[in-house]
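I have placed the structure first, in the form of structure tokens, so that the comments after it can refer back to it.
The values are calculated or read from the model by the stated rules, or taken from the named source; none is laboratory data. Computed from a prediction, not measured in an experiment: that's the story for all the values here. Neighbour counts run over all protein chains shown; Cβ positions are idealised from the backbone, glycine included. Protein only, heavy atoms only, side chains kept; ligands, DNA and RNA dropped before computing areas. Shrake-Rupley method; radii C 1.70, N 1.55, O 1.52, S 1.80 Å.
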Amino acid sequence: MKIICIGRNYGAHAKELNNEIPTEPVIFMKPKSAVLLPDKPLYYPEFTDDLHYECELIVKIGKNGKYIQEKFAHKYYSEISVGIDFTARDLQEKQKKKGLPWEIAKAFDGSAAIGRFVPVTEGMDLQKLHFQLKKNDELVQDGHTADMMFPVNKIIAYVSQFFTLNIGDLIFTGTPSGVGPVTVQDKLECYLEGEKLTEVNIR
Ligand code: MG
């Protein structure tokens, strides 16, 4: 199982981090050991002083495929969720400056928090979904999938040129604006269409 993540998929977030608007999706991966199951706590890693949350829509692959055409991409998933792409922002900035890979900043244990998966129902449009992150009961990210620069089916087509997608793989589809730091004792809650799918307490 692998976790494929899209960076800079929302213009407003790319701008808040002073990143260029990409012409092709920015891809990175996390290993299976990064998964943080729903409602499990995250222990603040000792290697960072600037741990950030990034709330994202997650798509779970339900069928194996390679070179998937965009028009058929919808056949390759049947469950979605919302989770958090935890990022050691200080390490990421350091790596970015040197042009080095991001894994130590993005792929550490617990960095891929997933919510409960819900079925993609008939007629559901993945580009018309509202998702939110609350930090200590305050709304800090309020995203709409219509604002993605690369919609889910386009991401699947793009990614599957390089990597065979297997059943159970997860795609983190990028974060809207409003990312920010967390501290020990913070409570983070992820919502999809008003339904809470996970709560991560920082310990
Ligand atoms: Mg992200």
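Here are some notes:
- Yes/no for ILE4 being modelled with pLDDT of 95 or more, closer than 23 Å to ILE156 by Cα and more than 12 Å from the chain's Cα centre (by Cα): no
- Listed by first and then second residue, the pairs with beta-carbon distance under 6 Å, at least 6 apart or on different chains, first residue in region 51-64 and of a type in the set (Val, Ile, Thr), second within 9 Å of the ligand (Cβ to nearest atom), are ILE58/PHE172.
- Of the residues LEU126, LEU197, the single one that is part of a loop (DSSP other than H, G, I, E, B), away from the ligand (no atom under 16 Å from the Cβ) and surrounded by 13 or more Cβ atoms within 10 Å (Cβ to Cβ) is LEU126.
- Unmet criterion (only one of (1) open to solvent by 50 Å² or more (accessible area, probe 1.4 Å); (2) under 18 Å from ASP50 (Cβ atoms)) for ILE167: (2)
- Only one of the listed residues (GLY65, GLY110) is within 16 Å of the ligand (Cβ to nearest atom) and not hydrophobic (A, V, I, L, M, F, W, C). That residue is GLY110.
- None of VAL179, VAL184 is within 16 Å of the ligand (Cβ to nearest atom) and out of contact with any Gly (no Cβ under 8 Å at 6 or more places or on another chain) except VAL179.
- The residues of region 1-24 that are touching a Ser or Thr at 6+ places or on another chain (Cβ under 7 Å) and either open to solvent by 20 Å² or more (accessible area, probe 1.4 Å) or assigned to a loop (DSSP other than H, G, I, E, B) (or both), listed by number, are ASN9, ALA12, GLU16.
- Pair list, Cβ < 9 Å and 6+ apart or interchain, from region 1-29 residues that are over 25 Å from ILE114 (Cα atoms) to residues that are assigned to a strand (DSSP E or B) and near the ligand (Cβ under 9 Å from one of its atoms): ASN19/GLY7; PRO22/GLY7
- Scanning region 75-105 for residues that are in contact (Cβ under 8 Å) with a residue 12 or more places away in the chain, of a type in the set (A, V, I, L, M) and either assigned to a loop (DSSP other than H, G, I, E, B) or open to solvent by 60 Å² or more (accessible area, probe 1.4 Å) (or both) yields a single hit, ILE104.
- Residue within region 106-122 that is assigned to a helix (DSSP H, G or I) and farther than 20 Å from LYS32 by Cα present: no
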